[in-house]
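Student: Structure provided below as structure tokens; questions to follow.
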Amino acid sequence: MSVILAISLVYIDGIISFPQTGPGRFFLVNSADSARSILSTISGAMIGVAGTVFSVTLVALTLASSQLGPRLIKNFMYIRLNQIVLGSYISTYLYCLIILNTIKENHTQTFIPSLSILVAIIAAIVNIVLLIVFIHKIAVSIQTDKVISDISAFISRQVTFLFPEKMGNEPYTEMDFPVDSIKSEYPKVISVKCPKSGYLQYVNSEALLTLITNHNSMFDLNYRPGDYLVEKMEIGKLYTHGDTGEDLAVKTHSLFVIGSIKTSQQDLEFSIHQMVEIAVRALSPGVNDPYSAIACIDNLTAAICYLAQVKFPSKYRVDDRNQLRVIADTIDFEGVLDAAFNQIRQFSAGSTSVIIRLMEVLIIIYGFATKESHKKAIIKHAEMTLNVGRESIKEKNDLNDLTERAKKIINDLL
């Protein structure tokens, strides 16, 4: 864009003669030496500041990686302001170089692109403002509370997108299928192998269901997004009637996206693990920051309270005639609860405030739970949290506080 803008403005300068009298003389350059000096100063400053911006960004990424976890670096790279600032300085540098090359002053020809130089000056002023905004933004973005808040907001959007349907007041029961009987109706079973090693990042569920339905078959998928797959391992079984089973198995490969890293597109646990990593690092002896760990627990609680009220997708996928076509490996509420609190609880031994806060948020989540299986999972975590407290809390009054809270959901303690 900077190259196109420079060429366009030089063209305009070549066909329009700007007056050198009146108010315009204070803004338009009419000397070749002054023009070269201004453009040289701006281009030199821009490339110098661009190097500083790169350095500041690398320092921020290093601090974020060491204190919050290396997996959060990707979050910083996607900040739009960082991209705009870096691009703006480099673009201004290139723009000035091109304009500088067009200045001519000799005994046969004189050309001073006054309008182009004015635009360069305006761009330099804008870049100064951008630098101030960038420094403020980068200083705020690496603060632990800000990072936790951003991850929490992303998790909230993700759970709303992945689990949009609330159960309401009616009891929810998942439709069950005689899976073994249905499988026996298909004469041919084909093992679908993984085409390459890596993390399963995305499954095109709608296309998979359509493909299997069109071939009057059934697919039993053993893994879900976030799982690591090894080349040639069995990722599922294809049950079919016809002779096209091998070709159909190959066609399913295009519906799975396998990459070298995890992504959050369909993997809720990945986003939760980012928050858990911050909490675990905060509880390490080298950091010993229980307040950050408690902030992580609080932000995870909001998402899990929402999940305690929604209907998790069934692992059974049916066609328009309600015939079973795909059996998927889906996450359930207990799995989310384990991902959120297992590691935090395991590393919380010796941190009384964190253990007590864990028990308090489990009580909050229990109040939102509507299904009996959800409540059992919460009680299970409350019992494990109480056991950690009994083993690590030495002060009797603190242990009594934990026990009193546990009584609210653990009936055996009443």
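Just so it is clear, none of the values below were taken in a lab; they were calculated from the coordinates. Being a predicted model, the structure only gives us computed values, none of them experimental. Please note: Cβ atoms are built from the backbone with ideal geometry, for glycine as well, and neighbour counts cover all protein chains shown.
Student: Computed FRET efficiency, Cβ-Cβ of residue 346 and residue 298, R0 22 Å: what is it to the nearest 0.05? List each step's numbers first, then the result.
Tutor: Numbers: r = 19 Å, r/R0 = 0.86.
So, using R0 = 22 Å, E works out to roughly 0.70.
Student: Would you calculate a helix-derived [θ] at 222 nm for the chain, using -39,500 (n - 2.57) for each DSSP H run of n ≥ 4 and dividing by the full residue count, to the nearest 500?
Tutor: -20000 deg cm²/dmol, from helical runs alone.
Student: Take every Cα-Cα distance within segment 179-259, group them into 10 Å bins from 0 onward, and report for each bin the whole-number percent of pairs it holds.
Tutor: Answer for segment 179-259: a P(r) of 18, 53, 26, 2 percent.
Student: Skipping prolines and chain starts, which residues have an amide H placed within reach, meaning under 5 Å, of the one on residue 229, given they are 5 or more residues away or on another chain?
Tutor: Those qualifying (amide H under 5 Å, at least 5 residues apart or on another chain) are 198, 199, 200.
Student: Once phi is turned into ³J(HN,Hα) by the Karplus curve 6.51 cos²θ - 1.76 cosθ + 1.60 with θ = phi - 60°, what whole-Hz value does each residue of segment 305-311 show in order, with x for glycine and proline?
Tutor: Once θ is set to phi - 60°, the couplings for segment 305-311 become 4, 5, 5, 5, 10, 9, 8 Hz.
Student: Sort 97, 9, 358, 58 so the one with the fewest other Cβ atoms within 10 Å of its own Cβ comes first.
Tutor: Taking fewest neighbouring Cβ atoms as first place, the list is 58, 97, 9, 358.
Student: Quickly work out the residue 154-to-residue 227 label distance, labels modelled 7 Å from Cα along the C-beta direction, and quote it in nm with one decimal.
Tutor: Spacing of the two 7 Å Cα→Cβ label points: 2.4 nm.
Student: How would 316, 95 line up from fewest to most surrounding beta-carbon atoms within 10 angstrom? Walk me through the intermediate numbers first.
Tutor: On the way: 316 16, 95 25.
Least to most surrounded, the residues fall as 316, 95.
Student: Which of 263, 352, 102 moves the most in a Gaussian network model of the chain with Cα springs under 10 Å?
Tutor: 102
Student: Can you give the local net charge around residue 213? Use residues other than it whose beta-carbon is closer than 10 angstrom to its beta-carbon, Lys and Arg +1, Asp and Glu -1.
Tutor: Taking every other residue near residue 213 into account, the sum is +1.
Student: So, one more: If packing is taken as the mean number of other Cβ atoms within 10 Å per residue, what is the order of 361-367, 114-120, highest first?
Tutor: Values: 361-367: 20.0, 114-120: 21.6.
Listed from highest to lowest mean packing, they are 114-120, 361-367.
Student: Among the listed pairs 146/311; 376/408; 375/408; 196/237; 311/375; 380/407, which are separated by more than 20 Å between their Cα atoms?
Tutor: Pairs exceeding the cut-off: 146/311.
Student: To continue, here is another question. How much of the DSSP bridge set in the chain is antiparallel, in percent, rounded to the nearest 5?
Tutor: 90 percent
Student: Among 221, 28, 386, determine the one that fluctuates most according to a GNM of the chain built with springs between C-alpha atoms less than 10 Å apart.
Tutor: 28
Student: Once the Cα atoms of helix 80-102 and of the chain are each reduced to a long axis, what angle between those two axes, in degrees from 0 to 90 to the nearest 10, is obtained?
Tutor: Computed tilt is about 20 degrees.
Student: Of the listed values [x] 73, 65, 38; [y] 96, 71, 40; [z] 68, 65, 37, identify the label whose number matches Cα extents along the principal axes in Å calculated from this model.
Tutor: Given [x] 73, 65, 38; [y] 96, 71, 40; [z] 68, 65, 37, the calculated one carries the label [y].
Student: Then there's this: Between 0 and 90 degrees, rounded to the nearest ten: what's the tilt of helix 333-347 against the longest Cα principal axis of the chain?
Tutor: The angle comes out near 80 degrees.
Student: Quick one: helix 352-368 against the long Cα principal axis of the chain, what's the angle to the nearest 10°, folded into 0 to 90?
Tutor: 70 degrees
Student: Please list, in chain and number order, the residues 5+ apart from residue 163 or on another chain whose amide H is under 5 Å from its amide H, with Hs placed from the backbone.
Tutor: Sorted by chain and number, the residues that satisfy this come to none at all.
Student: OK, next. Estimate the FRET efficiency between residue 329 and residue 411 by the formula 1/(1 + (r/R0)^6), using the beta-carbon distance for r and 35 Å for R0, to the nearest 0.05.
Tutor: Once the sixth-power term is evaluated, E becomes 0.60.
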